Amino acid sequence: MLRLDLLDLIYRNGGHIGGSLSSLDLIETVYTSGLFDFDQDHFILSAGHLAPALYVVLAAIGRFPREWLNNYSQFGSPLQGHTALGLPGVEYAAGSLGQGLSFAAGLALGNRKMKVICLTTDGEQQEGQIWEAAAFANKYRLNNLINLIDVNSLQIDGSTDEIMPLGSLIDKYSQFGWAVEEIDGHDLKAIKTTLKKAKQSNQPVGIVAHTILGKGISFMENNFKYHDVKSLSQDLYEKARKELESIDA
Amino acid sequence: MKKPEKNLNQSMRKAFGETILKLATINKNLYVVSMDLKSSLSLEEFADVFPDRFIECGLAEANAAGVAAGLAKAGKIVFLCSFACFSPAINWAQIRQSICENNCPVKIIGSHAGLLSGNLGASHQMLEDVALMRVLPHMEVFAPLDANEVRSLIPVVYQSPSPAYIRLVRPETPVYSSQPFTIGKSNVLQMGNQITIVGYGPILFQAFNFKEAEIINCSSLKPLDEETILKSVRKTKKIIVLEDHQQNGGLGEAIAILILKAGIKCNFRHLAVHDRFGQSGNPEELYNFYGLHLDRL
């Protein structure tokens, strides 16, 4: 179970666990649903701090040895704290939010035969560049572009509504000329069905996926303090592990 | 080699537009990403002839840099074209991450650099572009001397696997260069023994008033032709670095470090803008006011 891999990785070296747990089901489905062929298609993780979620998925599908997860964010490791080039499967070096959607749009324009799936977060929609990219994707009718938005409603310092309310992302993307879908971002079947539908669209597609920060670990769920952890006590680690194992069973 | 003639001024921007049109005819992979300045950068014909390869992003420089990087990742050769005060000024973070960190060989054209933008005033006299670009890993930085060098530089630089910044100026300027352009090489425009004068762009033309000076056209700012510069300084023991740019972060600093590292004792002067913004005026008035006239020394 990938959530256990993620917990172990964070317990060893710290990292952005809250958003990684909220986006994990989305990223896993992108890679394992069989809907995309990554010899041709592309996954652009715009939110580079969600690297741990991408890493455990890439290790699980055999892009690199699982032992490499042990050295996440350590000196000399290709598993950098935020995604960087050099690790098999990482297509975009990120960490400065709001940039990946433009990059994905350029890729999609450069080859309309391939699908480009970009993952952004709800906090990230506060970056103006996102809306520049949204307008661009509409102008060039990039129907091979999918923006998968992890909406866990929290960001580093609190709730997205407190920090900077944006209103309805569904309305906003619709008004920017996108097709928009709304799903439960932990419902694997819904994620797959919606991605399948998005592949057939004649417009760029935004998928507003409602998720839970820290999903699967009770004391982390919906607690913005778990955006990023420096270290996790052994007690909390064992508590979290038990919870995840019980879900697994 | 002969001195530039004043009545034969040409536009670097026009030379760029013509050159890129020719290259696009040969190379079907060449794209232009524009930010609503195609007329100012002489790209109208390109847009007419190659509408599918002319990507108009509107007034959105951050997105444009990201789109350019994505196109490059898809295997295209991409020119990202605007004024220097917008790109790379507005979109530096996108150039840093999406272009440089991701190793996408986008060619950034920044026009209207320096005080030569004249009456447009401070906002459009980009004096910090070389500093912003030369600090970035992977980035190459070029500043052609004149329209001729634009014609010889663009076809060389567009084949480079690195991202690059190319600095152009607004007005028509004298035309002098005839030597082929090589990345990392500086051409000696005039041989001399008394003093070395090194710079980039049209500001360098005033050096021709000094018959005994060795004049080096440093159009390849990064990589820098260390050998040619050091060889000249070892000979003359006097150097003036001339640039229409802020003193901070410019070529002068790069050369000062070079000379210090080489342990050469010499007389060093740096004519550049000292921690100030520009203002409206004609180039002559502005060069006078900001102390960029060699005659002053």
* To do: Counting residues in the stretch B:10-173 as N, plug N into 2.2 N^0.38 Å and put the Cα Rg over that result.
  => 0.92
* To the nearest 10 degrees, how steeply does helix B:12-26 sit against the main Cα axis of chain B, on a 0 to 90 scale? -> 50 degrees
* Place the peptides A:210-218, B:243-251, B:188-196 in order of packing, highest mean first, counting for every residue the other Cβ atoms within 10 Å and averaging per peptide. => B:243-251, A:210-218, B:188-196
* To do: Once you have all Cα-Cα distances for the protein assembly as shown, histogram them in 20 Å bins from zero and send the whole-percent values.
  => 21, 45, 27, 7, 0
* Structure fact -> Counting only backbone N atoms under 16 Å from a point 7 Å out along Cα-to-Cβ of A:M1, the residues of the stretch A:22-51 in range are A:22, A:24-25
* Structure fact -> Placing one equal point scatterer on each C-alpha of chain B and summing with Debye, one gets log10 I(q)/I(0) at q = 0.07, 0.16 Å⁻¹ equal to -0.24, -1.28
* Within the stretch B:186-214, what residues put their amide N at less than 17 Å from the label point 7 Å along the Cα-to-Cβ vector of B:K261? -> B:186
* Asked: Normalised by the number of residues in the stretch A:1-69, what is the relative contact order in percent for Cα pairs under 8 Å and 6+ residues apart?
  -> 40 percent
* Under Karplus coefficients 6.51, -1.76 and 1.60, residue-wise ³J(HN,Hα) of the stretch B:283-292 in Hz, glycine/proline x -> x, 4, 4, 6, 4, 5, 5, 8, x, 9
* So what is the 222 nm mean residue ellipticity for the protein assembly as shown from helices alone, if each DSSP H run of at least 4 adds -39500 (n - 2.57) and you divide by all residues, rounding to the nearest 500 deg cm²/dmol? -> -10000 deg cm²/dmol
* Would you pull out the residues with amide H under 5 Å of B:L189's amide H, same chain only if 5 or more places away, H placed 1.01 Å from N? => B:I215, B:I216, B:N217
* How many angstrom lie between the C-alpha centres of the stretch A:66-103 and the stretch B:225-267? -> 39 Å
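Stretch A:S246-A:V229 to full length: gain in nm at 0.36 nm per residue minus the Cα-Cα span?
Working: separation 17, 0.36 × 17 = 6.12 nm, distance 2.31 nm.
Full extension of this stretch gives 3.8 nm more.
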* Asked: Short version: ³J(HN,Hα) in whole Hz for each residue of the stretch B:222-236, in order, from phi by Karplus 6.51 cos²θ - 1.76 cosθ + 1.60 (θ = phi - 60°), x for Gly and Pro, what are they?
  -> 7, x, 8, 7, 4, 4, 5, 5, 5, 4, 5, 5, 4, 7, 8
* Asked: So, in nm, how far is label B:F268 from label B:K14 when the simple model puts each one 7 Å beyond its Cα toward the Cβ?
  -> 4.0 nm
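If the viscosity is 1.567 mPa s and the temperature 4 °C, what translational diffusion coefficient in µm²/s does Stokes-Einstein give for the stretch A:2-248 when Rh comes from Kirkwood over Cα pairs?
Details: Rh = 18.0 Å.
This corresponds to a translational diffusion coefficient of 72 µm²/s.
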* Which residues' amide hydrogens lie under 5 Å from the amide hydrogen of B:L221, considering only partners 5 or more residues apart or on another chain, with H built in the peptide plane? -> B:V141, B:F142, B:A143
* Structure fact -> With x for Gly and Pro, the residue-by-residue ³J(HN,Hα) of the stretch B:243-258, computed from phi through the Karplus equation 6.51 cos²θ - 1.76 cosθ + 1.60 at θ = phi - 60° and given in whole Hz, is 8, 8, 6, 4, 4, 5, x, x, 5, x, 5, 4, 6, 4, 5, 4
* **Residue among A:I27, A:I156, A:I207 with the largest mean-square fluctuation in a Gaussian network model of chain A, springs linking Cα atoms under 10 Å** => A:I156
* Asked: Full extension from B:K28 to B:K237: what is 0.36 nm times the residue separation minus their Cα-Cα distance, to one decimal in nm?
  -> 70.3 nm
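Kirkwood Rh, the stretch B:108-203, all Cα pairs: how many Å? Present the calculation step by step, with values, prior to reporting the outcome.
Numbers: mean 1/r = 0.0692 Å⁻¹.
One over the average 1/r among Cα pairs gives 14.4 Å for the stretch B:108-203.
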* Filter on A:K230/B:K76; A:K113/A:K189; B:K76/B:K231; A:K172/B:K73 - keep pairs with C-alpha separation over 31 Å -> A:K230/B:K76; B:K76/B:K231
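Given the stretch B:192-253, report the % of alpha carbon pairs whose separation exceeds 18 Å. Don't skip to the answer; put the middle values down first.
Working: 558 of 1891 pairs.
Every Cα pair in the stretch B:192-253 considered, those over 18 Å come to 30 percent.
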* Structure fact -> Protection proxy (average C-beta count within 10 Å per residue), highest first, orders B:97-105, B:284-292 as B:97-105, B:284-292
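Values quoted throughout were computed directly from the atomic coordinates according to the rules given, and no laboratory measurement underlies them. Every value quoted in this text rests on a predicted model; they were computed, and no experiment measured them. Glycine gets a Cβ as well: all are built from the backbone with ideal geometry, and neighbour counts include every protein chain shown.
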